[in-house]
Every structure is written in C-alpha cells, then in structure tokens.
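Novice: Please see the structure below; I have some questions.
No lab work stands behind these numbers, since they all come straight from the coordinates. The shown structure was predicted, so the numbers you read here are calculated from the model rather than taken from an experiment. Note that we place each Cβ from the backbone using ideal geometry, even for glycine, and neighbour counts take in every protein chain shown.
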Amino acid sequence: MTPAVYLNAMGVLCALGHGAAAVREQLFASAQPLGVAPTDRYTPGRVLHLGCLPPDRELPSLPHAPLKQRSRNNALLAAALAEIRPQVDAAIGRYGPQRVAVVLGTSTSGVEEGEHAARRLLAQGDFPPEYDYAQQEMGNCAAFVAAELGVFGPAHVISTACSSGAKAMASGARLLRAGFVDAVVAGGVDALCAFTIAGFSALESVTASRCNPLSAHRDGINIGEGAALFLMTREGGPVRLAGWGETSDAHHMSAPEPSGRGAIDAMRQALQRAGVAPGAVDYLNLHGTATPHNDAMESLAIAEVFGLDLPVSSTKPLTGHALAAAGAVEAAIAWCTLVDNPQGRLPPHWWDGVRDVALPDLRVVPPGESLGRSPEHVLSNSFAFGGSNASLLFARG
C-alpha cells in the first residue's frame, strides 16, 4: 500500500501576514482586499501594486550564518522556519538528521544582494565586504536550511519559475513515498528585487493597479514575495498531500499552451493519484495571474476537468505573484482553508466583476462565501514559463 504523505506543520510569511493566524485573518476579511499595496520601493518614481512585506517588518539578520548564506531570501526562510522549528526539531530527534531532507523552490536567491553589489562596483570600483557571489546560487537556500537544522538528508532546490514551490512539495512527497527519508522540510521562497520587476515589466506583464484575474479588463500581474515551509512526514497530520500532477508543455518560452492540455493533464494526474473524483473537490485556488493568456488557458482547463460549478478564486490580488514561492504560499492558503475552518470560509476572488465573455463562466468566490461545513479537498494550480505545470490536491487530515 502506498504510504500517505501529511503536512504536519506550516510556516508562512507573505504580504498578508506572518504565520497561519495572521494570514487566515487577512485572507478571509470581506470588507476590502488586503495585502497587496501601492509602492515605489523598487521602482522609484513609478508606483506599482506589489505584494511585498511591510517596510517595518523585521527579518532575522543571520549573523551566525556564513557570508554566502546571508541574503534577504534566506532571512525570509528563517522567519518561516521559526514558525515550525519545534515540530521540525522533534522530527529530527525521532528520525535522526540523516533521515530528514530539505526541498525548496526559488528563483531569485540573492539577486537583491547582487544588485547592491553591482551598484557599489560601478560607483566605487569594488564589491561591498558583505557580498559573496555564492549568495546568488540557486541551491543556496536549501543548504542554508539544512545547515540551520543540522540535517544531512538530501537537500536541493527546484527552480522552474512559478511552479517551483509546488514542485518542491511533490518532490518531497516522492522522497517520503520511496522511503528515502522520514521527514522533509519543503516549500518555496522568493524575495522581491528590482531585477525581477524590471524583467516582467520588459515583458509588458506588470500592471500598476491591483491585478484583476479573469476580468475582461485584466492587464497584468502584481509581483510579490514570501516564503512558506511545511514539515512533511508519513505520520498523521492536519493536512494530507493527497495527490499531485506535473506536466511540461514546451510550447513557448513565456506564453502558456492555449488549449490548456498540460494544465488539464496535471489536474487529472493529481485527482487520479489521490483516487478522488472531480466532484469531491470543494475549492480550487487558481494560478490566476491576471494576464490575458494565462487566465484564458486556465479557465478552459478548469472547465474541461471540473465544469462550471466548482468554487474558484485567485489569491494573487492579496499576496501578489510570489513567483517560485507562489505554489508554496498558496499551499499555505489551502492549509488555512482546510484547518480550523468549520464553516468552510473560502478565499475570495477580488476583481472588478466584469466577466470576459470569451472565457468559460467559472464560479468565482465572492467575499464572505462559506461552504457551511468543513472543506475536505482543495486543489491548487501553479503554471510557469516554459509550460511547467503543477497541481497539488490537499485533503483534510
């Protein structure tokens, strides 16, 4: 019998707050959308809506870490890890450090530190003493968490753009099911930086206002940041990773395959792996970037797999698109939907309400909607550049 994979603890940090309680409170607020806010912090003179942490949010300074691991990306991880550290330490005590793995998704790593270093080099002719090129290596964050915990199991990073965090959790589940390890710290992290915003701006994918998923007026994303980490084991826990699906379209460098066939296959794989019928899913968290092509493709895919009656929403108008961390942050939102939610409150879909008549008429969740019972199954989609698709199906433990 294939062993079940459980999420035993969750730590999250994003524009909605720090920790499950804070995120849950802001997520289900029905008076107005929270989280994403206007700022020119990363684009002086150009105000954008971004899902960044408040400027007064203090992050760990990491003085004990090697220079190459001192980055804002790792500081975000350290803050999320602190939320679950007691449970992780207990798992290390039960299983031993050789039986605990670290699998993370990221795309920015220490790019912000590289930006600062480049500006200093141009202005003064040398790099700052607090800079190490290794801060920018993609594997840096997994090495950091493994060192923080003192564990020696597999430690690696998946960097497949916006599907990274979701794929890291699927990879962790495979390690557990194969019996290679007994516990995995899995999730994703990405810190905001000017480089990322400039890149998406060059693609004409960034909107200055709060993003507007599924709307006829949608015109781009709000970039965000955050980290979410989970302790995953084969022991019972509050949430079960019941299924996952991963596909690769290889259709275009940045545009999704328009028919949604890869997204359809990813969702069906997740359902099949879990042994769950489409009608058993209570809520679906959209990838929902509010770009014209993504929303069109995802709407077609969902209508094909689930029809038009499944409650759906995009939470990116609240968190921003946290890129490689998005799948992990939205897994944390799935956790908040499944745990301690007896009335079945659902994450709202904040938009202008103007439907695109060219898209299937999906059932979007209005603010304040509840199932009237505890949810049982939640699906979360993550779709990335290059056609990397991942769907995670969570079940109440």
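Novice: Hey, how much of the P(r) for the range 6-396 falls beyond 33 Å, as a percent of Cα pairs?
Specialist: Details: 18500 of 76245 pairs.
That tail contains 24 percent of the Cα-Cα pairs.
Novice: For the chain, what does the helix formula give at 222 nm: sum of -39500 (n - 2.57) over DSSP H segments with n ≥ 4, over the residue count, nearest 500 deg cm²/dmol? Provide the component values of the computation, followed by the final result.
Specialist: Details: 10 runs with 125 residues, N = 397.
The per-residue figure over the chain is -10000 deg cm²/dmol.
Novice: Let me ask something else about it. From the phi of every residue in the range 89-98, what ³J(HN,Hα) in whole Hz does the Karplus formula 6.51 cos²θ - 1.76 cosθ + 1.60 yield, where θ is phi - 60° and glycine or proline is x?
Specialist: Result, rounded to whole Hz: 4, 5, 5, 4, x, 6, 9, x, x, 6.
Novice: Tell me the relative contact order for the range 11-72 as a rounded percent, counting alpha carbon contacts under 8 Å between residues six or more apart. Let's see the in-between values first.
Specialist: Numbers: 54 pairs, mean separation 15.0, N = 62.
Relative contact order comes out at 24 percent.
Novice: Over the Cα atoms of the range 197-285, compute the convex hull volume and normalise it per residue, giving Å³.
Specialist: Working: hull volume 15.7 nm³, N = 89.
Spread over its residues, the Cα hull of the range 197-285 gives 177 Å³ apiece.
Novice: Give the order of TYR133, TYR42 when sorted by the count of other beta carbons within 10 angstrom, beginning with the fewest.
Specialist: On the way: TYR133 12, TYR42 19.
Ordered by Cβ neighbours within 10 Å, fewest first: TYR133, TYR42.
Novice: If you don't mind, another one. Nearest 0.05, what FRET efficiency do ASP219 and TYR95 give at R0 = 51 Å with Cβ-Cβ as r? Numbers along the way, then the final one.
Specialist: Numbers: r = 49 Å, r/R0 = 0.96.
It comes out at approximately 0.55.
Novice: Given H placed 1.01 Å from N in the peptide plane, which residues other than close sequence neighbours of SER388 have an amide H under 5 Å from its amide H?
Specialist: Residues meeting the amide H criterion: ASP249.
Novice: Follow-up. I'd like the antiparallel share, as a percent to the nearest 5, of DSSP beta bridges with both residues in the range 6-396. Present the calculation step by step, with values, prior to reporting the outcome.
Specialist: Values: 42 of 62 bridges.
So the antiparallel bridges in the range 6-396 amount to around 70 percent.
Novice: I've got another one for you. Sort TYR95, TYR6 so the one with the fewest other Cβ atoms within 10 Å of its own Cβ comes first. The partial results should precede the final answer.
Specialist: Details: TYR95 16, TYR6 23.
In order of increasing Cβ crowding within 10 Å: TYR95, TYR6.
Novice: Amide H to amide H under 5 Å from ILE221: which residues, 5+ apart in sequence or cross-chain, H placed 1.01 Å off N in plane?
Specialist: Result for ILE221 returns VAL206, THR207.
Novice: I would also like to ask the following. Peptides 224-231, 300-307: what's the order by average Cβ count within 10 Å, highest mean first? Display every interim value, and only then the final one.
Specialist: Details: 224-231: 30.0, 300-307: 19.8.
Top of the packing list down: 224-231, 300-307.
Novice: Another question, if that's okay. Apply the Karplus curve 6.51 cos²θ - 1.76 cosθ + 1.60, θ = phi - 60°, to the phi angles in the range 246-259 and return the couplings in whole Hz, x for Gly and Pro.
Specialist: 9, 9, 9, 7, 6, 8, 7, 4, 10, 8, x, 5, x, 6
Novice: Just to check I understand the Karplus step: with θ = phi - 60° and J = 6.51 cos²θ - 1.76 cosθ + 1.60, what whole-Hz values come out for the range 127-141, glycine and proline as x?
Specialist: In residue order, the calculated couplings are 7, x, x, 8, 9, 9, 4, 5, 4, 8, 6, 5, x, 4, 5 Hz.
Novice: Would you mind getting me the FRET efficiency between GLU58 and SER370? Use the beta-carbon distance for r and R0 = 30 Å, nearest 0.05.
Specialist: Between GLU58 and SER370 the formula returns 0.30.
Novice: Could you order peptides 47-59, 236-248 by the average number of other Cβ atoms within 10 Å of their residues, highest first?
Specialist: Numbers: 47-59: 16.9, 236-248: 21.2.
Put in order of decreasing packing, that is 236-248, 47-59.
Novice: Amide H to amide H under 5 Å from GLY96: which residues, 5+ apart in sequence or cross-chain, H placed 1.01 Å off N in plane?
Specialist: none
Novice: Assuming R0 = 30 Å, what is the FRET efficiency of HIS156 and PHE195, from their Cβ-Cβ distance, to the nearest 0.05?
Specialist: On the way: r = 24 Å, r/R0 = 0.79.
Efficiency, rounded to the nearest 0.05: 0.80.
Novice: At a 10 Å Cβ-Cβ cut-off, how would you order ASP219, ASP361, fewest neighbours first?
Specialist: Values: ASP219 16, ASP361 12.
Sorted ascending by nearby Cβ count, the order is ASP361, ASP219.
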